[in-house]
Amino acid sequence: MVIFGRRTSPPSLMTHIESLLEEYQRVRRVDINRDIFIYILKLYPSLLVCMSDGKLDDEEWENVMKLARGLADEYATLIPGADKEKIAQNFRTEFRYLLENVERWNKKFLNALKGHIENSRNDKEFILETMYLFANAAEGISMEEQQAINNLVDRLELEH
């Protein structure tokens, strides 16, 4: 299924992110452009925090759905006549897939993300703020969620 535009680079010029994007596209059979993939990548730690207590609370899933709608609204402005609901559904599907397949993508996503954000204070702040936003969605931040945030802060070298 092709919903998103695609931009590829010659293999010799490929970044870690572009290589991961191509692998992800092969596995998922979805065509996501690099910019959207990077945005999903930056949200990935928040998805991990949501699942750190072993369940996805209704409030946490509602935040994921709101995020998907917001991304779809933003993305649809780039494509005249785009079906926002279909795009939002595709984002929700990818978020759900990532939540259900952490073991397959965790190391690859976190490695690519760490390299991508290493020199970007804004990206690091965005990731940290988003993790806390998602963790706080359901009755405050649990011990498991705080531990997941702490681990991701260390792993991604974010400033706490």
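Every number in this text was worked out from the coordinates using simple rules, so none of it is lab data. Everything numeric in this text was worked out from a predicted model, so none of it was measured. Please note: Cβ atoms are built from the backbone with ideal geometry, for glycine as well, and neighbour counts cover all protein chains shown.
Using the Kyte-Doolittle scale, find the helices of the chain whose mean hydropathy is at least 1.0 and whose Cα atoms extend 20 Å or more along the helix's long axis, counting only whole DSSP H runs. Don't jump to the answer; show the numbers that get you there.
Numbers: long enough: 34-50 (24 Å, 1.25); 58-76 (26 Å, -0.86); 84-100 (24 Å, -0.99); 102-117 (22 Å, -0.64); 121-135 (21 Å, -0.20).
What comes out of the filter, once short or polar helices are dropped, is 34-50.
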For the chain, go through all pairs of different Cα atoms, get the mean of 1/r, take its inverse, and jot down that Kirkwood value in Å. 16.2 Å
I need M51, M131 ordered by Cβ neighbour count within 10 Å, fewest first. M51, M131
Based on alpha-carbon atoms only, what is the radius of gyration of the stretch 6-101 relative to the globular estimate 2.2 N^0.38 Å? 1.13
Count of lysine pairs in the chain with Cα atoms under 20 Å apart, counting only pairs 8 or more residues apart in sequence or on different chains? 11
